[in-house]
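Here's the structure we're looking at; comments come further down.
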Amino acid sequence: MSVKELEKTATLEHATDGHHHGDGILGEQFETMEQQNTSYLIGMWAFIVQEVLFFGAIFAAYAIYRFKYVMEFTLAHHELSVPIGTLNTFVLLFSSYTMARAVRAAMQNRHKRQAFYLFLTFIFAGVFMVNKYFEYSAKFEHHLFPGGDYDAHSVVHHAQEKGELRVVEENGREFYELGKTRDGQFTAFTKVTPEEFEQRTRLFFGFYFVMTGLHGLHVLIGMIIIGVLIGRAWIDHLKNKPIADFMPVEMTGLYWHLVDIVWIFLFPLLYLIGR
Amino acid sequence: MAGHSDSHVHPVSLYTRTLWWLMALLVLTVVAGYIPNVPNWLGVVIALTIAVWKATIVIMNFMHVRFSGKLAWLFAGAGFFWLIIMLAFAFADYVSRPWEPFHGWPE
Amino acid sequence: MATATYTGTEKPNYLNWKTSVASWLLTYDHKRIAILYLVSISVFFLMGGLAAALIRMELATPRGDLLTSDIYNKMFTTHGVIMIFLFLIPSIPAVFGNFLLPLMIGARDVAFPRLNLLSWYFFMAGALMVLIALFRGGIDTGWTFYTPYSSSFAKGEVSLAIVGVFLAGFASIFTGINFLVTIHKMRAPGMTWFRLPLFVWAMYATSLIQVLGTPVVAITLLLVAVERTFRIGIFDPNLGGDPILYQHLFWFYSHPAVYIMILPAMGVISEVISAFSKRRVFGYHFVAFSSLAIAIIGFLVWGHHMFSTGQSMYAGIVFSFLTWIVAIPSAIKTFNWMATIWKGRVHWDTPMLYALGFMGLFVIGGLTGLHLAAMATNVHLTDTYFIVAHFHYVMVGGAIMGYLAALHFWWPKMTGRMYPEGWGKLAAMLVFVGFNLTFFPQFILGYMGMPRRYHSYPEEWAVLNVLSTAGSSVLGLGYLLPVIYLTWSLKYGKVVTERNPWGARGLEWELVDPVPDPHNFERTPIVTRPAYDYGHPEEPTGFVPKPRPVVVGGKDG
């Protein structure tokens, strides 16, 4: 091959690259569209595997501390709002549905419908983030963000009200007894110092913020991608394109369902268990 | 192979059915969380079972693994399998740490 | 983008058909990305080597007179962090994996060329952060970043270094994803799984570890940074955390990470040994599956790093047992290589010398691993120089010998020039002798109880330490020589005119040109023969060229 020919193929290569999420142009390295599409899908799945272990490691850490500090974590659980958590789960599950519909519309080359479902998904994700914002601010207000001014006071207060924590004094030192009140009778399961209680509930909120924060970051990234896809689908609609490449939507769909799955586990583990 | 069947468009009913199942399971898991006097461990087991159930139907129906080739099954399975390895071995340590090899073993 | 275009009379190849800086920094060509990685990790290797030289110089005398203990701590951290995260992890996968994988399986590129380039940028961004952390006063946590020291006590830019390792980790994940998909989907027609060169099998196993393990260490290190910033007691016992948990999560990746280093080297050795013995690798299937077995079992043994740090004894027993099991696939490989050489026509060229060196050193490194896998001896040997010697035998004696073997073996293919054989052999001998002189005494020192990570030691260990330091200067010379003569050969080396100077088998040697053209294959090959088909001396080609299908653009072009 002469330089001229090489240049020509290179131009082709660049043109291809410019339209990588275009109308299903075959990448220079592939032989067939089918090979390219399956490669993208498998690549996305490999990325999802990576994500599963990324989140999985932090779930494992959380699980081990919940196993070690069951009572403290249970009391800290109670500070989270189940209605908001439930609402957010509802919203995310629904967004997964609209995402699946968007992928379906993309496969049928119904661009307007695709843009509509993507837009719904985007809105649901937005609702999720707004909820998250209110939830986070409430935690900050109650000094439950594990930064400088963390204070377990409200956890202690609520637990006392529910009869799950009792302040006792031994040899002039204060201790918290954690347990349950049944028929007016308090049964203690463990006894901790206020410092230990503060540390362990702080640990819970540390996990809460890291886990939901990382998840929220994934939602945000998803929203950006979905935003771009809405624009593309809308342009395809205006241009009346007969066929468009559905792979970007399909791959974003896989990513979005993964984000949903992470939340499916976060919700019961953070909000529900130990009620 | 994996993506082969993805060019097929699945009926809408697949997705709506999945959504109803997910909603029903969401209600179930919230209600189960409020049943009084459930031991802590049982609560965890119930919550996680429902979560695994939900995740499975999302993976199968929304992510189309049910209709995909072996490779997608393999990849989808591998992540969770490795996660189980990590959890199982790490927990094995935490559970067995307090065990005594014989009575009176020094702490 | 104005690019200077090749104007010479020779046939253009991937190196010279475009020469502008942008044509390198924005390239999607897997071969050029391999060269980018090669240049960057060579620089890091020299930096890490410099830190090692300072460490050995300090240990030449029993008193801590050259470096203060504080600087010494920073030196071994620098050495470890650079060598592991910035050199060994990307070494063979990112350089030779990138260069060879598409060539070996008959593809025009990896599946995701853009992701491939992105991986290099992630790697460089991470490396930059690590280097900034090191130059702004350095860090002294050791490469393991053990908590609670790293999370609560260590001064310096630990968080920055952690973010750097995090980014480099994602570079590694991207490489892994890319290779997995490439091996699954990009094989040429006829290139069945059992016709793949064993290097490809090794890269597959390596990629599995990169994808399954790296995210775990990424999130774990992120948690350390979070703990440093917000004082959440995830790993600090004073704050209610558990430092052993850090070790669990860290070694879940970092033990398999050793296999990220050694498995590709094993793949290289399979290629080199068969090429220089002119024989098919003995027990091909066993060698192929042993790579997968090592990758999978390698995930079940991490607890052997924690026998003496407070892990449950019962968990220890299980981990110890599983660690013994991982020796089996490693032994399978070694025996099969020996059987390959047996009755082969052995050619003693430089790559083969490195390969033979690898086998010797890996056997020592592997077997001493068994001493450490046994819980009782581990208690005596843990955190001594025995450990240091053991992992250097595997990671330096194994991985770097494999890396150098690969570098010499594929040098003519990568550059079109031959390295000077005499100097090559000399360097190989120096590396082998210097390596053993450096690290064998450390086995004895460790057995005698010399702890690692101190800058001074009692008088009675002076002789062995002096021996080790002397050895390290020989070793250093052995590493410096290739840097010099390989660079020299780029301009003055003999130009390679044949496409297959070693008479080796494999698609990368059957390209039409000595140095690959930017698009690898003019026509997609159709593979008709198994790998290492050395039975037919007269006809090296194993494939029938097939007309390349016309590339059809999208609807609007």
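Here are a few things to note about the model shown:
- When only the Cβ of Lys, Arg, Asp and Glu is charged (+1, +1, -1, -1), the dipole of the protein assembly as shown relative to its Cα centre reaches about 2180 debye.
- Prolate/oblate/rounded label for the stretch A:37-163 (Cα gyration tensor, a/c 1.5): prolate
- With neighbours defined as other Cβ atoms within 10 Å of a residue's Cβ, the residues A:Ile261, A:Ile230, C:Ile526 order from fewest to most as C:Ile526, A:Ile230, A:Ile261.
- Largest-first principal axis extents of the Cα set of chain C (Å): 68, 58, 46
- Pairs of Cα atoms nearer than 8 Å and 6+ residues apart set the relative contact order; for the stretch C:366-460 it is 48 percent.
- Relative contact order computed over chain B (Cα-Cα under 8 Å; 6+ residues apart), in percent: 39
- Highest-fluctuation residue, A:Gly56, A:Gly206, A:Gly184 considered, GNM on chain A with Cα pairs under 10 Å: A:Gly184
- Among C:His455, A:His157, A:His142, a tally of other beta-carbon atoms within 10 Å of each Cβ gives an order, fewest to most, of A:His157, A:His142, C:His455.
- Separation between Cα centres of the stretch C:262-317 and the stretch B:10-34, rounded to whole Å: 45
- In chain C, the DSSP-assigned H stretches of four residues or longer account for a calculated mean residue ellipticity at 222 nm of -20500 deg cm²/dmol, using -39500 (n - 2.57) per stretch and the full residue count as denominator.
- Taking every Cα-Cα distance in the protein assembly as shown and sorting them into 20 Å bins from zero, the calculated P(r) comes out as 13, 43, 34, 9, 0 percent.
- Counting Cβ atoms of other protein chains within 10 Å of each Cβ in B:34-45 and taking the mean gives 3.
- Residue order for C:Met266, C:Met104, C:Met313, fewest other beta carbons within 10 angstrom first, comes to C:Met313, C:Met104, C:Met266.
The numbers here are math on the coordinates, done by the rules we state, and not lab data. Treat the numbers as computed from the prediction; the structure is a model and nothing was measured. Glycine gets a Cβ as well: all are built from the backbone with ideal geometry, and neighbour counts include every protein chain shown.
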